[in-house]
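This report refers to the structure that appears directly beneath it.
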Amino acid sequence: MSEPPCRLYLITPQKLDPAAFQASLAAALDAGDVACVQLRLKDATEDEIARATERLMPIARDRNVAFLLNDNAALAAKLGCDGAHLGQGDGNHVAARRLLEGQILGITCHASRHLAMEAGELGADYVAFGAFFPTDSKETIHRAGPEILAWWNEMFEIPSVAIGGITSANCASLVQAGADFLAVIGAVWNHPEGPAAGVQAMNAAIAAALQQT
């Protein structure tokens, strides 16, 4: 069975209790198609991240879902994660590519075609564009539009990730523009009916958008 052309990319809340979060993560991943989980614990120590990884990575792995670490390629390699997602200020990307040989490296490119091409040239496995919509997860400095996804999809084979305020209600234009993955936080973890319902809603919205293309 072939994978859908656009898939869900799940980012964890910035703060969580790993023991309590295990059930929520399992419920989300069991509810529908999820390509990967990014552990994104801002202001956490390396020990805290290591403990969270120890509890949460097996849940993803058991379901054939990639487990990525945010911000820190060296720690991702040390902890045996499937890869890392790096922002523009998160160390040397070329060195990270060497360190994570054979693993996934994703790079934030904001709304910049130049940064995306640089990331592609150094061997990134995906480029992330955004924010596409207002978001409470972080301060929105860069705003992107669907046209950058369409341009990238037409010009390059490296997958693109759309991020920033994406919900089941607003994602259609991003799917139709050619995003390979939709990165979401609140649309799943803050869903009024729980994370499983959030995953189901996002997958239903992706499928509906694809039918309209």
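Nothing in this text is a laboratory measurement; each read-out follows from the coordinates by a stated rule. As the structure is a computational prediction, the values presented were derived from the model and not from experiment. All Cβ positions, even for glycine, are placed from backbone atoms using ideal geometry, and neighbour counts span all protein chains on display.
Below, the figures for the structure above:
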| read-out | value |
| --- | --- |
| Relative contact order (percent, whole number), the chain, Cα cutoff 8 Å, 6+ residue spacing | 21 |
| Order of M155, M57, M117 under a 10 Å beta carbon neighbour criterion, fewest first | M155, M117, M57 |
| Cα gyration tensor shape of the stretch 7-208, rounded if a/c is under 1.5, else prolate or oblate by comparing a/b with b/c | oblate |
| Residue-wise HN-Hα coupling along the stretch 193-199, computed from phi with Karplus coefficients 6.51, -1.76, 1.60 (Hz; x: Gly, Pro) | 9, x, x, 4, 5, x, 5 |
| Centre separation in Å (Cα based) which lies between the stretch 1-62 and the stretch 142-176 | 22 |
| Whole-number percent relative contact order across the stretch 1-79, with pairs defined as alpha carbons under 8 Å at least 6 apart | 35 |
| Nonlocal amide H pairs with Q38, under 5 Å, H built at 1.01 Å | L10, I11, T12, L68 |
| Sum of -39500 (n - 2.57) over DSSP H runs of 4+, divided by residues of the chain (222 nm, nearest 500) | -12000 deg cm²/dmol |
